[in-house]
Amino acid sequence: MRKILIHMDISKHGEYDIFSMPDRELFYQHVQNIRSGDCPNTGNKLWFQAIISEISTVENQLEYFDHNMTSDYINTTYDMVVAPMANIFCADYADILDKLAEKFSQIKIPVYVIACGAQAGSYDELESLCDSIRGPATRFISTIYRTGGEFALRGYFTKEFFDRLGFKSAVVTGCPSLYQMGRNLTVTIPKSRREKADFKPLFNGDFPKMWGQMKQYPQSEYFDQHLYYNLLYNRSYVDYSQIEYCDVKKMVKEFGLPAVRLLAQNRINLFTDMAEWSRYIRKKGFDLSYGSRIHGNIMSILSGIPAVIYATDSRTREMAEFFDIPIQLSNNTQKIDVYDLYMNVDYTKFNKRFVKKYDNFGHFLIKNGIVSKINENNEFMSREESKVQEADEGEKYRRLGKILRKKKLQLTIYNKSIETIRRFRR
């Protein structure tokens with residue numbers, strides 16, 4: 001039996017708590033009390049649960065990091081450390097890299113950093129990224145190698161970053177999030193595609209850039225990961241236990257009229273549980289996922305829905321290119337009709353090359369003694385639906401919609417006045 005320390009804090013109802021069944025009220029209390037109202041990116045749960053699922057085998061005993069653990073305790077208790085990390089190599093995290101280097105310098109057992117990557121505005125910024133964090137990045141990477149560990153990188157932009165710093169052995173495996181449903185994942189595109197009048201897309205990412213598209217397709221929905229947490233959860237805006245309390249002006253001022261209207265139409269969602277998120281996508285029968293949220297799009301792919309990723313930085317681009325996920329690089333989303341993307345979307349390369357990528361990731365885990373075989377039984381995605389969700393979600397939105405329709409005229413006037421003030425302040 002291998003004892004593996006997962007170097008991640010999984011505080012109950014926190015950013016990486018993948019074990020608790022979702023409870024909206026407890027999640028809200030955690031965000032307000034522990035995180036001062038700063039909602040975590042719920043997409044982070046997707047890649048974290050993937051790693052845990054893939055290495056949860058009968059031969060492994062997984063335990064999770066506690067801040068009271070000393071380096072001596074870790075060295076004498078565990079066989080290895082698995083450190084899940086995302087975009088750790090970016091200019092904003094230079095201080096964090098130094099802190100991590102100091103922390104792991106006392107670890108004497110192998111440390112495996114999985115899912116990590118470099119992040120810049122574009123591929124053209126690789127050189128400046130190397131120059132800006134060369135010192136702290138080199139210290140952190142060197143520290144991990146001194147433990148006898150290794151890095152699993154999410155794409156070739158990150159591989160080039162490592163190569164330029166002089167570390168040639170790191171392996172490109174892609175993001176583990178796409179491997180959690182097993183090696184037979186495929187995306188099937190219907191031969192006869194839906195007519196434009198019935199087209200049902202889902203959107204994520206930069207909401208203002210998506211709004212124009214959403215107006216064209218009334219069956220579309222927007223999937224948020226943290227930006228509209230307050231609009232959906234904060235009772236100072238809407239108290240769904242007494243729907244008559246609805247501070248419309250406050251909502252419009254903070255989030256804009258389009259987002260509030262989507263809320264009233266029940267077309268904006270934020271899921272804290274990955275299984276419920278996936279079930280919802282499959283149940284509603286969407287045709288295409290589009291936006292800049294890499295894990296929001298990956299969730300759709302895992303649910304059998306094709307995605308086109310709006311690549312806004314090196315991170316989203318390198319992950320999409322590694323997996324042959326269709327991408328759109330243009331900055332002018334107003335000239336893009338998402339229906340045209342749907343009619344031309346092609347997953348032939350994705351389906352053809354996925355098994356090889358899956359096996360390559362498995363080889364990394366096996367070679368480094370983390371598993372003998374990847375676990376393909378994802379208990380997170382197969383667990384039963386939560387019993388704690390509100391009984392009739394639709395009813396509260398219908399009531400909110402009624403309130404907004406009554407206030408439609410004053411909302412429109414108010415929204416225009418806000419825009420006038422904003423232009424004046426510019």
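The values are calculated or read from the model by the stated rules, or taken from the named source; none is laboratory data. Computed from a predicted structure; not experimentally measured. Every residue, glycine among them, receives a Cβ derived from its backbone with ideal geometry; neighbour counts consider all protein chains shown. Ligands, DNA and RNA are stripped out before the accessible areas are found, and what is left, the full protein with its side chains, is counted by its heavy atoms. Shrake-Rupley method; radii C 1.70, N 1.55, O 1.52, S 1.80 Å.
Quick look at the values:
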{"item": "Tabulated pairs, the range 343-368, first within 25 Å of residue 114 (Cα to Cα), second open to solvent by less than 80 Å² (accessible area, probe 1.4 Å) and polar (S, T, N, Q), C-beta under 6 angstrom, 6+ apart or interchain", "result": "351/186; 361/173; 364/173"}
{"item": "Residue list for the range 42-72, restricted to those being within 22 Å of the chain's Cα centre (by Cα), under 20 Å from residue 182 (Cα atoms) and not hydrophobic (A, V, I, L, M, F, W, C)", "result": "43, 44, 45, 49, 53, 54, 56"}
{"item": "Residue in the range 393-402 that is in a helix (DSSP H, G or I), at pLDDT 95 or above, of a type in the set (A, V, I, L, M) and more than 22 Å from residue 302 (Cβ to Cβ) present", "result": "no"}
{"item": "Residues that are farther than 26 Å from residue 371 by Cα and touching a residue at least 40 places away in the same chain (Cβ under 8 Å), drawn from the range 33-51", "result": "37, 39, 40, 41, 42"}
{"item": "Residue 57 vs. criteria polar (S, T, N, Q), within 25 Å of residue 145 (Cβ to Cβ), open to solvent by 10 Å² or more (accessible area, probe 1.4 Å) and out of contact with any Cys (no Cβ under 6 Å at 6 or more places or on another chain)", "result": "no"}
{"item": "Residue satisfying all of: in the range 258-286; of a type in the set (Val, Ile, Thr) and not in a loop (DSSP other than H, G, I, E, B); nearest to residue 378 (Cα to Cα) among these", "result": "281"}
{"item": "Residues of the range 204-235 satisfying the condition of being of a type in the set (Phe, Trp, Tyr), more than 17 Å from residue 257 (Cβ to Cβ), modelled with pLDDT of 90 or more and outside any loop (DSSP other than H, G, I, E, B)", "result": "223"}
{"item": "Residue 158 vs. criteria open to solvent by 40 Å² or more (accessible area, probe 1.4 Å) and within 24 Å of the chain's Cα centre (by Cα)", "result": "no"}
{"item": "Residue ID - farthest from residue 171 (Cα to Cα), chosen from residues in the range 282-302 that are touching a Ser or Thr at 6+ places or on another chain (Cβ under 6 Å) and surrounded by fewer than 22 Cβ atoms within 10 Å (Cβ to Cβ)", "result": "282"}
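Yes or no, residue by residue, for (1) basic (Lys, Arg); (2) in contact with a helix residue (DSSP H, G or I) (Cβ under 8 Å, 6 or more places away or on another chain); (3) buried (at least 16 other Cβ atoms within 10 Å of the Cβ):
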position	(1), (2), (3)
77	no, no, no
88	no, yes, yes
99	yes, no, no
118	no, yes, yes
